[in-house]
Amino acid sequence: MPVTMREVALQAGVSIKTVSRVVNDQGEISDLTRERVLIAIDNLGYRPSKVARALVTRRTDTIGLIFGDIANPYLSEVSLGVLDTAANEKFEVFICNTGGIPESEKRALTSLLDHNIDGAIIFPLYANRIWIQEIAQPDQPIVLMNCDIVPRPGLGLIATEMRKGARLAVDYLAKKGHRNIGMLAGEVAPKNVIQRVQGYRDGLELNGIKYRDELVLNVGTVIESGKIGTQQLLAQHPEISALFCYNDLIAMGAIEACKKLGRRVPDDCAIVGFDNIRFSSLVSPAITTVHVDKYEIGRQASNRLVDMLRNPGAIYPPIIVDVELIIRESA
């Protein structure tokens with residue numbers, strides 16, 4: 001039989017209410033009394049009921065983390081930042097993988113909220129961005145990642161300087177003498193609202209190069225999509241001498257495609273990725289990429305959610321994470 005709070009109270013020589021205050025860290029209790037209760041808990045092996053504790057504190061000490069592809073190395077590094085920081089704050093994290101399907105994302109968030117998680121961190125799909133903003137509440141706050149929103153009570157934002165990163169990448173390629181620069185953009189949103197596409201255009205404009213929509217191809221965000229997209233884009237536009245890729249996985253696929261097409265990287269086609277995942281320095285040639293501190297993004301997201309839980313009525317400004325261009329062999 002599980003040990004009860006009454007048994008802890010009897011052994012410690014205090015009231016059940018005092019044990020409850022120690023367990024839930026509430027009220028003013030002397031250090032001596034607290035120590036007696038904690039010793040009794042340890043001796044008896046008492047495990048507080050999370051359900052009962054939630055009834056008292058109205059908190060479950062759980063948060064949700066929702067994203068589209070758990071196999072993506074970028075998201076795994078962000079997750080580590082979230083998990084480590086949440087653990088330091090005594091929160092458990094429930095992770096939901098949606099497969100990039102809008103309805104799956106809605107079901108995951110709705111289920112977590114119905115199970116009384118304290119709050120959630122989400123990489124929102126474009127199709128759900130408005131719906132998520134509408135359901136976010138101060139008593140169950142949501143932190144969105146890389147989404148165009150205005151923070152309010154219950155809604156926070158962590159953003160990466162993606163537009164700046166894309167501009168740095170394309171400006172670098174242009175300064176290397178490339179005039180026909182293609183882009184493999186992720187199928188995450190319409191072209192005109194993808195910040196990396198906007199940064200691509202900025203980089204072209206900085207160097208007096210006209211934007212050509214036909215040189216920008218939306219593809220999936222995995223390696224195979226990079227292969228297929230590169231073959232298609234280079235077949236249609238053989239004049240392309242450089243490719244800027246939405247992420248490093250696409251860049252890896254682009255390198256493989258160039259090898260099959262007999263295009264040397266970077267001599268015949270320079271390639272730049274984005275994110276600086278761990279594998280980007282291990283492939284051959286090593287990928288020139290835009291570095292994003294993924295662990296820091298996760299850490300900041302966890303900290304911001306905890307801040308919002310402690311101050312439900314507060315409005316917190318967006319946290320912007322900077323980027324850096326890393327020069328390697330592919331460009």
Would you confirm whether or not segment 230-253 contains a residue that is under 20 Å from THR160 (Cβ atoms), at pLDDT below 95 and not aliphatic (A, V, I, L, M)?
no
Name every residue in segment 58-80 that is among the β-branched types (Val, Ile, Thr) and either more than 21 Å from LEU113 (Cβ to Cβ) or crowded, with 22+ Cβ neighbours inside 10 Å (or both), in order of residue number.
ILE63, ILE66, VAL78
With the structure loaded, tell me whether LYS210 is within 24 Å of ASP268 (Cα to Cα), surrounded by fewer than 17 Cβ atoms within 10 Å (Cβ to Cβ) and either out of contact with any Leu (no Cβ under 9 Å at 6 or more places or on another chain) or modelled with pLDDT under 95 (or both) or whether it fails that test.
no
Of the residues in segment 30-46, those that are out of contact with any helix residue (DSSP H, G or I) (no Cβ under 9 Å at 6 or more places or on another chain) and surrounded by 15 or more Cβ atoms within 10 Å (Cβ to Cβ) come to none
Subset of segment 64-103 [within 12 Å of the chain's Cα centre (by Cα), acidic (Asp, Glu) and in a helix (DSSP H, G or I)]:
GLU77
Filter segment 8-23 for residues that are surrounded by fewer than 16 Cβ atoms within 10 Å (Cβ to Cβ) and touching a helix residue (DSSP H, G or I) at 6+ places or on another chain (Cβ under 8 Å); which is nearest to THR60 (Cα to Cα)?
ILE16
Take the conditions in the same structural domain as ILE149 (by TED's automatic domain parsing), in a loop (DSSP other than H, G, I, E, B) and either of a type in the set (Gly, Ala, Ser) or closer than 30 Å to LEU155 by Cα (or both) and apply them to ALA314. Does it pass?
yes
Out of the residues in segment 117-131 meeting the condition of being part of a loop (DSSP other than H, G, I, E, B) and touching a strand residue (DSSP E or B) at 6+ places or on another chain (Cβ under 8 Å), tell me which one is surrounded by the fewest Cβ atoms within 10 Å (Cβ to Cβ).
ILE117
Any hit, segment 241-260, residues being surrounded by fewer than 21 Cβ atoms within 10 Å (Cβ to Cβ) and in contact with a His (Cβ under 9 Å, 6 or more places away or on another chain)
yes
Looking only at segment 192-224, filter to residues that are polar (S, T, N, Q) and free of Cβ contacts under 8 Å to residues at least 40 places away in the same chain; which one of those is farthest from ALA71 (Cα to Cα)?
ASN207
Could you figure out which of (1) modelled with pLDDT of 95 or more; (2) surrounded by fewer than 17 Cβ atoms within 10 Å (Cβ to Cβ) isn't true of ARG278?
(1)
Here is a check on your reading of the model: is VAL188 in the same structural domain as HIS237 (by TED's automatic domain parsing), out of contact with any strand residue (DSSP E or B) (no Cβ under 8 Å at 6 or more places or on another chain) and either part of a strand (DSSP E or B) or crowded, with 17+ Cβ neighbours inside 10 Å (or both)?
yes
On the given criteria, is LEU157 under 30 Å from LEU233 (Cβ atoms), part of a strand (DSSP E or B) and touching a residue at least 24 places away in the same chain (Cβ under 8 Å)?
no
Going by the conditions given, is LEU83 at pLDDT 95 or above and either surrounded by fewer than 14 Cβ atoms within 10 Å (Cβ to Cβ) or not basic (Lys, Arg) (or both)?
yes
Scanning segment 317-331 residue by residue, those in a loop (DSSP other than H, G, I, E, B) and free of Cβ contacts under 8 Å to residues at least 60 places away in the same chain turn out to be ARG328
Please work out if GLY182 is assigned by TED's automatic domain parsing to the domain that holds ILE271, of a type outside the set (S, T, N, Q) and free of Cβ contacts under 8 Å to residues at least 60 places away in the same chain.
no
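The values are calculated or read from the model by the stated rules, or taken from the named source; none is laboratory data. These numbers were taken from a predicted model, which means no experiment stands behind them. Positions of Cβ are generated from backbone atoms using ideal geometry, with glycine treated the same way; all protein chains shown enter the neighbour counts.
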